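This report refers to the structure that appears directly beneath it.
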Amino acid sequence: MSTFPVTSVTLIAKIKDLGPGEDSAEWVRFWDSYSLAIRQFAVMKGGEENADDIVMQVLAKLVEVLRSGQYTPEKGKFHSYLATMIVNEVHMAHRKDMARAADRKVSIDSSLGGSSGESNQTVADTLVAPTVSPDQIDEDWRQAVLKSAVEHVLTKTALSERDRNVYRDYALAGKDISEVAEKYGISRNYVSQIKLRIDKRIVSVGRSLVSGGGFPL
């Protein structure tokens, strides 16, 4: 069964030593560990629209941060540092979206001989990044990790299609256990066993990411 790789101080050190454009097994491990959680966190903070772009931007910047030694444990929990970076990227994406919307409005108003009432710069400058408490960041990150662990287990581990669907219907969609049991031709007790078995995998995957050695999580 595949799981999230454990992130460690030695892994950070190896990433730090990578040359520009250089790939390695360590970077692949780091990507596998964090990309799903980064995307889930970005979706939670800004929706689906820019999530994939934000993942790429955050990971690219994160490599440079680790390479240059800008992050050290003295700066606090790694996931808090990472979450703040994601929030900033979400905010910047929102600013760009608003600026583009303002550009379109100005263009339409100009063609009609009207005025938008405010400049593009004013629209962007009125957007202020929200203040997020450390406790809220911790909770939001754990929720993102949980969602990414669920996605990982349901899509990248050895489960039967029936068990995946049973879990999605019962645990995620909240359907009645009797309805699920009848739909898949199994007993109510077996539905519960499937949920328990998959829950254990999810907890294991989430724990390996949240409490990976090296980062002060």
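Every number in this text was worked out from the coordinates using simple rules, so none of it is lab data. Every value quoted in this text rests on a predicted model; they were computed, and no experiment measured them.
In table form, for the structure just shown:
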read-out: ³J(HN,Hα) computed for each position of segment 141-155 - Karplus, 6.51 cos²θ - 1.76 cosθ + 1.60, integer Hz, glycine/proline x; value: 5, 4, 5, 5, 5, 4, 5, 5, 5, 4, 4, 4, 5, 6, 10
read-out: Calculated from backbone phi, Karplus (6.51, -1.76, 1.60) coupling profile of segment 83-88 in Hz, x at Gly/Pro; value: 4, 5, 4, 5, 4, 4
read-out: Computed lengthening from K156 to A60, 0.36 nm per intervening residue step minus Cα-Cα distance; value: 32.2 nm
read-out: Using θ = phi - 60° and Karplus 6.51 cos²θ - 1.76 cosθ + 1.60, couplings along segment 193-203 (whole Hz; Gly, Pro as x); value: 5, 4, 4, 4, 5, 6, 4, 4, 5, 4, 4
